Structure formats: structure tokens, C-alpha cells
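The values are calculated or read from the model by the stated rules, or taken from the named source; none is laboratory data. Values in this document were obtained by computation on a predicted structure and should not be read as measured data. Here Cβ is always computed from backbone atoms with ideal geometry, including for glycine, and neighbour counts include all displayed protein chains. These area figures cover heavy atoms from the full protein model, side chains too; ligands, DNA and RNA do not enter into them. Shrake-Rupley method; radii C 1.70, N 1.55, O 1.52, S 1.80 Å.
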Amino acid sequence: MKRSKRIAALILAAAMLFTITACSSSGQESSKVLQASSSISSSNSSSDSAKTVVRVAGLKGPTGLSMVKLMSDSKNGDASGDDQFTMVSSPDEIVAKISSGEVDVAAAPTNLAAALYNKTNGGVQLAAVTTLGVLYVLTANGETIKSLSDLKGKTVYSSGQGATPEYALNFILRQSGLEPGKDVDVEYKAEHAELASMMIAGKVKIAVLPEPFVTQVLSKNSTAKIALNLTDEWNEAAKNQSVLTMGCLIVRKKFAQENKSALDSFLADYKASADYVRTNPGKAAVLSQQFGIMDSAVAEKAIPNCAIVYMDGTEMKEKIPEFLNVLYQANPKSVGGKLPADDFYYQK
């Protein structure tokens, strides 16, 4: 009997030794399995001693600029959490990554946040507003526009038909007593780049464009200048009851519920990043190019016009509903068919 117990113990020890040896000799494979398991896990957590990994999708362009310092800190191990960043080129990619659970937090157009909330039956929340309006009225070739009233009887070229730029421009014009198509002729081009090229070439005298195309036009057409900031015009039209906002952070509701402390810490780091970018455009521009968001020369000039902010909590909940209502009144589909309920707004 004693001999049988000794044999059993030896067999068990040998099995354990084989398992340990196999794990240590296949470090790369084990790492891949752990990474795959982490991406599938809805809570994104391992042990109590490990930091929660926040998987973030950034959007190239103005919407992604505010996170470059946080991306740099995370890469260098200086952030308070363990964050993983993926940069994408289109909002459609954001939709896919958030809907599938591939990422937990994402930068997105603000109206898309509302649409995703409706599409996922409340599975997505608005965590913070990060970019206000990046839309400007530009003039060139001797055209002079000092106020909205000066647009009466003029032809204005714009891009973004069927999206926030069109709805914002129409709202601002109407609040100023100007009816689009009657008092102001608005002609739309399919792409921002197309309209920018036309203005650079001197084919357009008045245009509504977003950054970074504003910067491109100003740098290549010496007669071009900014005539109106549509964020300021929106504030006046809305009597400061809402804000024109183009970019935000969204979070999967399930992740927010299961990892509130980690999310709040991430948002604090994000706010610090946004503040850094706004006050250090030169250094932030270098990081922008490093992470493939925007060329540094363009970014340095564009950042001051990108209306980078950080707004969350009560202020966000007070300012965003009416903005979304303007879009809803223009086209219900722009916010997913209906206005989001109170639980759309994440609270720390």
C-alpha cells in the first residue's frame, strides 16, 4: 500500500512538472492565448492585483487629437491604467468594434453615439464630450463676410450633406432669420477634400469646412481667411442652452458597470491629455504624427481651431440633449430614430 502511494505521488509530480515545463517553453503561445481570452472577456479583468485593461479605439482626424498624450503615456508606462489603443479611419470601424465588444471605449462623432445607443438597446453610453464644432465659414478672393446676415443673397459651398455639418448650418441660419435655399443658396460637395481643393484653386469664394481642411486652405490660398466660427454662432443661436459638438468618447455600458473605477481613472487621464494637447499644440502635433492621426505640420496649426475640450457629468447632460434634438428635428435617422434616454449619459 505504501509503495502504491509513493508511485501515485511520483506520477502526479511528473505530470505537474510536464505542465510547468510546457508552459515555460511556449511563452509566446501562452501569451497569445491570454490575449485572446482577454479580448473575449467582457470585464477585461484578470486578478485583483492586475490593472483593468481599457481597450480604446481612436478616430484619425480632429476627434482623435485629444488622446495623443494619453497614448504616449500608456506606451511609456506613465498612465494610471493599462490602456490599449487602436486607431481607425472611419466611424464605420468604430461601430463594428464597439458593437462586437472588441473595444470598450471609442472616440466617435457625437450623433453616432446616440445612434449606437439606440442600435444596441442602450448598450452604449456617452462618457465625455471631447471636441466641439470644428466648422468654419471661409472666404477668399476678396469676399467679405463679417456676420451671418452678410450671407443673405450669397452662395455658400459646403460639405457634409445629410450629416451634422448640414443640420448645424441650417439651424444657425434659421435662428438668424435666414432660410437655406431661399435667403442663402447652399451647394454641397460630396467630400471635404473636394471642396478644399476648389477653394485652394480659387473656384469658390465662400465655403463651410471642418478642420484640418481649414488649415490646408489657409496655407495654400493666400487670400483665404476665417470669416465665422460656427461653434460661436451656434452658441448664440442656441442661447448657450446647448453646444455644437462633433466628437466624444463612448463606452460599452456593460464595461462601465463592471469596471467603474478603471473607467473613471481612464477618463481622468483623458482629461489631462486633452488639456495638454490644447495648451501644447507643438508637442502634441509631434505625437499626432507619431500615432498616425495627422501630419505634425498640419496638426500644429489645426489644433487651436479644433475646439478640444473635456466635458462630462452634469454639464454634458445639460448641454448635449438639445444639440441632439436639433439633429433629430432635422433628420431622426441622424441620432438613430429617437432621442436617447437619461441612462445614455454616463455618470462618474
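Annotations
- Once the stretch 225-253 is narrowed to residues that are buried (at least 23 other Cβ atoms within 10 Å of the Cβ) and more than 30 Å from residue 56 (Cα to Cα), the residue that is nearest to the chain's Cα centre (by Cα) is 234.
- Hey, residue 133 surrounded by fewer than 24 Cβ atoms within 10 Å (Cβ to Cβ) and touching a residue at least 40 places away in the same chain (Cβ under 8 Å) or not: no
- When the stretch 172-185 is filtered for residues that are open to solvent by less than 40 Å² (accessible area, probe 1.4 Å), assigned to a helix (DSSP H, G or I) and either out of contact with any strand residue (DSSP E or B) (no Cβ under 7 Å at 6 or more places or on another chain) or among the polar types (S, T, N, Q) (or both), only 172 remains.
- Hits in the stretch 83-95 (condition: of a type in the set (Asp, Glu) and either touching a Phe, Trp or Tyr at 6+ places or on another chain (Cβ under 7 Å) or part of a strand (DSSP E or B) (or both)): 83
- Condition met for residue 338 (among the charged types (D, E, K, R), at pLDDT 95 or above, open to solvent by 70 Å² or more (accessible area, probe 1.4 Å) and not in a strand (DSSP E or B)): yes
- Cβ-Cβ under 6 Å pairs, at least 6 apart or on other chains, the stretch 58-70 side of a type in the set (Lys, Arg), far side open to solvent by 10 Å² or more (accessible area, probe 1.4 Å): 60/87; 60/89; 60/293; 69/276
- Members of the stretch 313-348 found to be among the hydrophobic types (A, V, I, L, M, F, W, C) and closer than 17 Å to residue 130 by Cβ, listed by number: 316, 320, 323, 324, 344
- Residue ID - modelled with the highest pLDDT, chosen from residues in the stretch 32-82 that are assigned to a loop (DSSP other than H, G, I, E, B), in contact with a helix residue (DSSP H, G or I) (Cβ under 9 Å, 6 or more places away or on another chain) and not small (Gly, Ala, Ser): 67
- Residues of the stretch 273-291 classified as within 16 Å of the chain's Cα centre (by Cα) and open to solvent by 40 Å² or more (accessible area, probe 1.4 Å), total: 3
- Applying the criterion of at least 2 residues that are closer than 30 Å to residue 83 by Cβ and of a type in the set (A, V, I, L, M, F, W, C) to the helices (runs of 4 or more DSSP H) found wholly in the stretch 186-299 leaves 253-258, 260-279, 281-290.
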